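Presented below is the structure to which this report refers.
The values are calculated or read from the model by the stated rules, or taken from the named source; none is laboratory data. Treat the numbers as computed from the prediction; the structure is a model and nothing was measured. As a convention, Cβ positions derive from the backbone with ideal geometry for all residues, glycine included, and neighbour counts pool all protein chains shown.
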Amino acid sequence: MPTNKRRELLQAAAAIAAGGVANPGTTADTTMSIRTMFDVPDTYIPIAGSAEQFPVRRIYCIGRNYAAHAREMGSDPNREPPFFFQKPTDAIQIVPPGETIDHPYPTLTKNYHYEVELVAALAKGGRHIPLDRALDLVYAYTVGLDMTRRDLQRAMGDEKKPWEIGKSFDHSAPLGPLQPAQKVGHLKEGAIWLKVNGQIKQNANLNQMIWSVAEQISKLSEAFELAPGDIIYSGTPENVGPVVKGDVIDAHIDGLPDIRVRIV
């Protein structure tokens with residue numbers, strides 16, 4: 001899709017969040033057409049109850065944001081400041097509610113882990129966002145999975161090397177359609193759980209996050225200029241673990257539709 005069309009959609013997302021009406025023709029009418037050698041597909045997330053799609057700019061993920069999970073990963077949740085990593089936008093795999101979507105077991109790993117997370121989608125941006133204004137940036141929420149090649153992540157960590165190979169690969173960010181915050185509210189507490197083949201594996205409450213969604217946004221904006229189209233994976237509870245081909249994962253957060261994937 002041409003660059004000017006992507007800009008139109010980003011403008012539309014910002015207009016939606018502001019409660020206004022998007023003017024999709026403005027950018028196209030005033031921006032010079034850009035010719036490219038080939039097309040690179042953009043990434044979009046469906047918006048529940050709307051024909052519009054949410055264009056994705058960046059995917060931020062916070063690490064070790066529940067105390068028990070931080071301890072099981074070998075860190076001290078009482079002293080460690082928040083840290084973030086990113087996934088590529090084409091890591092996203094859309095999982096419509098009520099459907100079971102095939103999720104491919106990735107190459108190179110023998111220890112493939114699930115992590116259920118609340119995902120926040122931003123339709124406003126900025127730098128150095130005050131904590132009391134941070135949730136103004138959030139347009140919607142959904143349930144997501146931060147799938148992880150744990151053996152590769154740990155191997156890179158042991159060697160003091162970046163661990164993108166463990167986190168930032170194809171299909172590593174399954175999630176459901178976005179649920180607008182004006183409909184579901186800002187989710188600060190409520191059950192978050194994950195089942196594998198019907199058995200509970202992760203089970204916690206959103207209020208157990210070390211850093212809230214608002215705090216994550218504020219902290220991120222100190223390091224990056226946030227923008228419409230950014231999404232944030234806000235961390236996973238304890239008891240992450242492996243799945244194999246044939247396993248079915250159900251992921252749940254109170255107030256949001258569940259998602260389900262089958263490992264193939």
(request) Could you list, in sequence order, all residues of the stretch 133-159 that are crowded, with 23+ Cβ neighbours inside 10 Å and of a type outside the set (A, V, I, L, M, F, W, C)? (result) Tyr139, Tyr141, Thr142, Gly144, Asp146, Thr148, Arg149
(request) Being within 14 Å of the chain's Cα centre (by Cα) and assigned to a strand (DSSP E or B) is the filter; apply it to the stretch 96-129 and report the residue that is farthest from Tyr44 (Cα to Cα). (result) Tyr114
(request) Select from the stretch 215-225 the residues that are over 15 Å from the mean Cα position of the chain (by Cα) and either at positive phi or hydrophobic (A, V, I, L, M, F, W, C) (or both) and list them in ascending order. (result) Ala223, Phe224
(message) Being under 22 Å from Ser75 (Cα atoms) and in the same structural domain as Ile59 (by TED's automatic domain parsing) is the requirement here; does Leu220 meet it?
(response) yes
(message) If I filter the stretch 222-240 down to residues being touching a helix residue (DSSP H, G or I) at 6+ places or on another chain (Cβ under 9 Å) and surrounded by fewer than 21 Cβ atoms within 10 Å (Cβ to Cβ), which single residue comes out as farthest from Thr148 (Cα to Cα)?
(response) Ala227
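Tell me, please, whether a residue that is part of a strand (DSSP E or B), more than 30 Å from Ala51 (Cα to Cα), within 14 Å of the chain's Cα centre (by Cα) and touching a residue at least 60 places away in the same chain (Cβ under 8 Å) can be found in the stretch 144-162.
First, the residues of the stretch 144-162 that are part of a strand (DSSP E or B): 144-145, 148-149.
If we keep only those that are more than 30 Å from Ala51 (Cα to Cα) as well, we get 148-149.
Pick out the ones that are also within 14 Å of the chain's Cα centre (by Cα) and you get 148.
Pick out the ones that are also touching a residue at least 60 places away in the same chain (Cβ under 8 Å) and you get 148.
Yes, there is a match, as at least one residue in the stretch 144-162 is part of a strand (DSSP E or B), more than 30 Å from Ala51 (Cα to Cα), within 14 Å of the chain's Cα centre (by Cα) and touching a residue at least 60 places away in the same chain (Cβ under 8 Å).
Please tell me if Gly98 is farther than 16 Å from Pro242 by Cβ and in contact with a Gly (Cβ under 8 Å, 6 or more places away or on another chain). Full working, then the answer.
On the way: farther than 16 Å from Pro242 by Cβ: yes; in contact with a Gly (Cβ under 8 Å, 6 or more places away or on another chain): no.
In short, no.
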(request) Would you be able to tell me the number of residues in the stretch 155-183 that are closer than 20 Å to Asp230 by Cβ and of a type in the set (Asp, Glu)? (result) 1
(request) Kindly indicate whether Lys167 is basic (Lys, Arg) and exposed (fewer than 15 other Cβ atoms within 10 Å of the Cβ). (result) no
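Please report, ordered by residue number, the strands (runs of 3 or more DSSP E) entirely within the stretch 165-207 with at least 2 residues that are within 30 Å of Ala51 (Cβ to Cβ).
On the way: elements: 173-175, 191-196, 199-205.
Passing ranges, in order: 173-175.
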(request) Residue by residue through the stretch 245-264, note down the ones that are under 23 Å from Pro106 (Cα atoms) and out of contact with any strand residue (DSSP E or B) (no Cβ under 6 Å at 6 or more places or on another chain). (result) Gly246
(request) Evaluate the stretch 220-234: report whether one residue or more is in contact with a Leu (Cβ under 7 Å, 6 or more places away or on another chain), within 20 Å of Ile210 (Cβ to Cβ) and in a helix (DSSP H, G or I). (result) yes
(request) Would you check if Glu222 is under 30 Å from Arg127 (Cβ atoms), in contact with a His (Cβ under 7 Å, 6 or more places away or on another chain) and modelled with pLDDT of 95 or more? (result) yes
(request) Consider Gly246 carefully, then state whether it is assigned to a loop (DSSP other than H, G, I, E, B) and over 26 Å from Ala134 (Cα atoms). (result) yes
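Residue-by-condition table, conditions (1) out of contact with any Lys or Arg (no Cβ under 8 Å at 6 or more places or on another chain); (2) under 22 Å from Leu256 (Cα atoms); (3) assigned by TED's automatic domain parsing to the domain that holds Gln93; (4) at pLDDT 60 or above:
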position: Pro24; (1), (2), (3), (4): yes, no, no, no
position: Thr27; (1), (2), (3), (4): no, no, no, no
position: Ser33; (1), (2), (3), (4): yes, no, no, yes
position: Val56; (1), (2), (3), (4): yes, yes, yes, yes
position: Ile62; (1), (2), (3), (4): yes, yes, yes, yes
position: Asn65; (1), (2), (3), (4): yes, yes, yes, yes
position: Ala70; (1), (2), (3), (4): no, no, yes, yes
position: Met73; (1), (2), (3), (4): no, no, yes, yes
(message) Every residue in the stretch 166-220 that is within 16 Å of Phe85 (Cα to Cα) and either β-branched (Val, Ile, Thr) or touching a Gly at 6+ places or on another chain (Cβ under 6 Å) (or both), please.
(response) Val213, Ile217
